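Since the structure comes first, as structure tokens, the remarks are kept for the end.
The values are calculated or read from the model by the stated rules, or taken from the named source; none is laboratory data. As the structure is a prediction and not an experimental result, all values here were calculated from the model. Please note: Cβ atoms are built from the backbone with ideal geometry, for glycine as well, and neighbour counts cover all protein chains shown. To get the accessible areas, we keep the full protein, side chains included, count just its heavy atoms, and leave off ligands, DNA and RNA. Shrake-Rupley method; radii C 1.70, N 1.55, O 1.52, S 1.80 Å.
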Amino acid sequence: MADLGELASGLMSGAIEVVDLSAPLGPDTPLLKLPPELAVDTPKIEIHKISEYDSNGPFWAWNWLKLGEHSGTHFDAPIHWITGKDFADGSTDRLPVQKLVAPVCVIDCSAQVAEDPDFLLTADGVRAWEAEFGEIPKGAWVVMRSDWYKRNHSEAEYLNADETGPHSPGPTVDCIELIVERGAVGWGTECIGTDAGQAGGMEPPFPAHNLLHKNNRYGLASLAHLDKLPPKGAILIVAPLKIVNGTGSPVRAIALVAR
Ligand code: 23J
Ligand code: MN
């Protein structure tokens with residue numbers, strides 16, 4: 001039987017730090033742009049005041065939101081992709097929450113990404129991490145540190161698009177195949193989506209989405225501050241809203257890190 005006393009005292013003393021891995025969520029949050037001939041985009045985020053201690057509500061302030069599921073730091077559920085549409089537990093309201101608190105493996109690609117915004121992490125890159133830190137444990141999250149979150153204040157910098165489309169890092173097909181084989185619960189990145197900017201041209205298109213969700217695994221996008229995590233040993237906690245038949249949800253992603 002697990003004893004949570006050490007966890008509790010570590011949290012109270014600060015020996016276990018709670019690190020915020022989320023980006024601000026508001027009207028200026030960068031949002032994915034898809035080719036208009038292919039798709040409709042997620043709408044701009046709106047925050048509307050209901051009252052602010054005024055004649056609309058004398059003692060209270062509250063807002064209502066217009067917010068796409070896949071906005072800001074967010075979770076991709078298996079039914080988000082056609083390959084995962086038939087999983088009975090694949091929507092945000094039916095996820096097994098036991099899976100949502102798990103160790104996180106952080107693969108630092110920041111040096112490569114600084115040289116090449118289209119950098120792709122390969123299966124060999126994951127194996128090189130494993131040679132140093134051990135095999136990815138079954139049930140763990142695998143996240144790609146790129147320091148791309150530092151561009152989050154500007155949609156143009158974050159999407160980094162030119163006439164050839166968006167340019168941001170991500171995984172290759174064989175990278176995702178390997179982490180699925182290892183039994184990872186999911187894959188996360190600091191970019192607008194779990195796939196690279198140029199992933200629409202890969203085979204299959206958007207391999208992270210295609211292969212993760214085909215295998216009932218999860219995605220995390222627009223994570224921030226992965227530079228505050230050790231390569232292994234931290235615990236990642238993500239709690240998607242229990243949206244009925246939801247395909248994803250903004251999350252407050254947080255990590256427990258031993259100091
Ligand atoms: C819809 C279509 C393509 C992509 C995405 C959504 C995402 O990245 C997402 O937020 O899941 S690539
Ligand atoms: Mn998404």
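If you take the residues in segment 127-175 that are among the aliphatic types (A, V, I, L, M) and over 21 Å from Ala224 (Cα atoms), which one is surrounded by the fewest Cβ atoms within 10 Å (Cβ to Cβ)?
The qualifying residue surrounded by the fewest Cβ atoms within 10 Å (Cβ to Cβ) is Ala131.
Name the single residue that is farthest from Thr189 (Cα to Cα) among those in segment 45-85 being in contact with a Pro (Cβ under 9 Å, 6 or more places away or on another chain) and more than 16 Å from ligand 2 (Cβ to nearest atom).
Across segment 45-85, the extreme among qualifying residues is Ser51.
Taking Gly193, is it within 14 Å of ligand 2 (Cβ to nearest atom), in a strand (DSSP E or B) and under 26 Å from Asp89 (Cα atoms)?
The answer is no for Gly193.
In segment 47-75, which residues are open to solvent by less than 60 Å² (accessible area, probe 1.4 Å), touching a strand residue (DSSP E or B) at 6+ places or on another chain (Cβ under 7 Å) and more than 22 Å from Asp28 (Cβ to Cβ)?
Ser51, Gly57
Restricting the search to segment 1-29, which residues are in contact (Cβ under 8 Å) with a residue 24 or more places away in the chain and acidic (Asp, Glu)?
Passing the criteria: Glu17, Asp20, Asp28.
So, in segment 190-209, how many residues would count as being more than 10 Å from ligand 1 (Cβ to nearest atom) and of a type in the set (S, T, N, Q)?
Number of matching residues: 1.
If you go through segment 246-258 one residue at a time, how many are touching a helix residue (DSSP H, G or I) at 6+ places or on another chain (Cβ under 9 Å) and either away from ligand 1 (no atom under 16 Å from the Cβ) or in a strand (DSSP E or B) (or both)?
Qualifying residue count, segment 246-258: 5.
Restricting the search to segment 4-29, which residues are surrounded by fewer than 11 Cβ atoms within 10 Å (Cβ to Cβ) and under 17 Å from the mean Cα position of the chain (by Cα)?
Listed by number, the list is empty, since nothing qualifies.
If I ask for residues that are closer than 24 Å to Ile254 by Cβ, within 15 Å of ligand 2 (Cβ to nearest atom) and not in a loop (DSSP other than H, G, I, E, B), which ones from segment 210-238 would you list?
Those that are closer than 24 Å to Ile254 by Cβ, within 15 Å of ligand 2 (Cβ to nearest atom) and not in a loop (DSSP other than H, G, I, E, B): Leu212, His213, Tyr218, Gly219, Leu220, Ala221.
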